[in-house]
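Trainee: This is the structure, below, for whatever I ask next.
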Amino acid sequence: MLIWTKIMLEECNIQITNKLGLHVRPAAQLAEIAAKYQSQITITQNSKSVNGKSIIELLTLGAGQGTLLSIKGEGDDALKAVAEIKQLITNKFGEE
Amino acid sequence: MKLSDFIIKTAIVKNLKAVNKTNVLEELVSTVKKAYRLDFKPGEAVDGLLKREKIGSTGIGHGIAIPHAKVKGVTSVVGAFGRSETGIDFNALDGAPVNLIFLILAPLNGPEEYLQSLQRVSQAIKQPNFCKFLRTTHEIKGLFELFQEVDADLDKNHA
């Protein structure tokens, strides 16, 4: 029997709008959400890509206010994962 | 922004005396105050750091913590580095005790500089062997040389 697994690919671009940018707490929030999902989450700024599940890697981006990020999810739950991360960034990580 | 610029040699504690989170923060804040001869209230800084920890631990995993706060009287980002032989319970995100602590104090304004300091610390942590060498180097001179080496590597890679 053939078991067919469909790999979902979801991608979106979003701008960081909170004043402090992607500092420790936002990075922790993002990584925590990403870690809930099976999908591989990749965050890209310009040409630099990092693992969305790693706080340290997210911090290496130094993404300040106004930075455009690409969020890519690969896996069965990619759609939901990317939507939730997008929501977090749109909501400015609960900051100003 | 170089790690060795905002964590100077005199701001390195090779073996922290403190064994709990609050005392570690106090020890490192007092180190910063002495090293940079800054005019800020240590108590206010420690309160700020503890308040920040309450929101969520800055123990980001793998035995590393980056406690940080904005402090009145601090005019540019300054930091301290402390090593703990015993390991500190930092309520870290992975639950593991923390033994490498990068403390950052930032001015009330200037999110860019603060973000750049975090970026440099995290880039350093990601460099192969940096944390391993920090854990196995026992002299302040050697620890500061590691900071300078990692700065040189990062400046080369990100040039």
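Trainee: With (1) over 28 Å from B:ALA124 (Cα atoms); (2) in contact (Cβ under 8 Å) with a residue 40 or more places away in the chain; (3) out of contact with any strand residue (DSSP E or B) (no Cβ under 9 Å at 6 or more places or on another chain); (4) assigned to a loop (DSSP other than H, G, I, E, B) as the list, and A:GLU84 as the residue in question, which single condition is left unmet?
Mentor: Result: A:GLU84 passes all but (4).
Trainee: Checking B:ILE64 against (1) within 28 Å of A:THR17 (Cβ to Cβ); (2) surrounded by 23 or more Cβ atoms within 10 Å (Cβ to Cβ): exactly one of these is not met. Which one?
Mentor: (1)
Trainee: For the range B:28-65, what are the residues that are away from chain A (no Cβ under 14 Å), of a type in the set (Gly, Ala, Ser) and in contact (Cβ under 8 Å) with a residue 60 or more places away in the chain?
Mentor: Residue satisfying the conditions is B:ALA45 alone.
Trainee: Helices (runs of 4 or more DSSP H) wholly in the range B:75-159 with at least 1 residues that are away from chain A (no Cβ under 11 Å) - which ones?
Mentor: Because the criterion is at least 1 residues that are away from chain A (no Cβ under 11 Å), the helices (runs of 4 or more DSSP H) in the range B:75-159 that meet it are B:130-136, B:140-157.
Trainee: I need a count of the residues in the range A:40-75 that are assigned to a loop (DSSP other than H, G, I, E, B) and either more than 11 Å from the chain's Cα centre (by Cα) or at the interface with chain B (Cβ under 8 Å from one of its Cβ atoms) (or both).
Mentor: Here the count works out to 11.
Trainee: Also: Can you tell me which residues in the range B:89-105 are touching a residue at least 60 places away in the same chain (Cβ under 8 Å) and crowded, with 21+ Cβ neighbours inside 10 Å?
Mentor: Passing the criteria: B:PHE90, B:ILE101, B:PHE102, B:LEU103, B:ILE104, B:LEU105.
Trainee: With the requirement that a residue be surrounded by fewer than 15 Cβ atoms within 10 Å (Cβ to Cβ) and assigned to a helix (DSSP H, G or I), what does the range B:36-46 give you? Working first, answer last.
Mentor: To start, the set of residues in the range B:36-46 that are surrounded by fewer than 15 Cβ atoms within 10 Å (Cβ to Cβ) comprises B:37, B:39, B:41, B:43-44.
Result: B:GLY43, B:GLU44.
Trainee: How many of the residues in the range A:18-39 are within 13 Å of chain B (Cβ to nearest Cβ) and either among the basic types (Lys, Arg) or in contact with a Ser or Thr (Cβ under 8 Å, 6 or more places away or on another chain) (or both)?
Mentor: 6
Trainee: How many residues does the range B:97-115 contain that are farther than 19 Å from B:VAL32 by Cα and at pLDDT 95 or above?
Mentor: Of the residues in the range B:97-115, 2 are farther than 19 Å from B:VAL32 by Cα and at pLDDT 95 or above.
Trainee: May I pose another question? Scan the range B:1-35 for residues that are touching a Pro at 6+ places or on another chain (Cβ under 9 Å) and buried (at least 17 other Cβ atoms within 10 Å of the Cβ) and jot them down.
Mentor: Of everything in the range B:1-35, those that are touching a Pro at 6+ places or on another chain (Cβ under 9 Å) and buried (at least 17 other Cβ atoms within 10 Å of the Cβ) turn out to be B:LYS21, B:VAL24, B:LEU25, B:GLU26, B:LEU28, B:VAL29, B:VAL32, B:LYS33.
Trainee: Could you tell me which residue of the range A:87-96 is surrounded by the fewest Cβ atoms within 10 Å (Cβ to Cβ), considering only residues that are assigned to a loop (DSSP other than H, G, I, E, B) and either within 14 Å of chain B (Cβ to nearest Cβ) or among the aliphatic types (A, V, I, L, M) (or both)?
Mentor: Taking the candidates together, the pick is A:GLU96.
The values are calculated or read from the model by the stated rules, or taken from the named source; none is laboratory data. Quick caveat: nothing in here was measured; it's all calculated off a predicted structure. We place every Cβ from the backbone using ideal geometry, glycine too, and count neighbours over all the protein chains shown.
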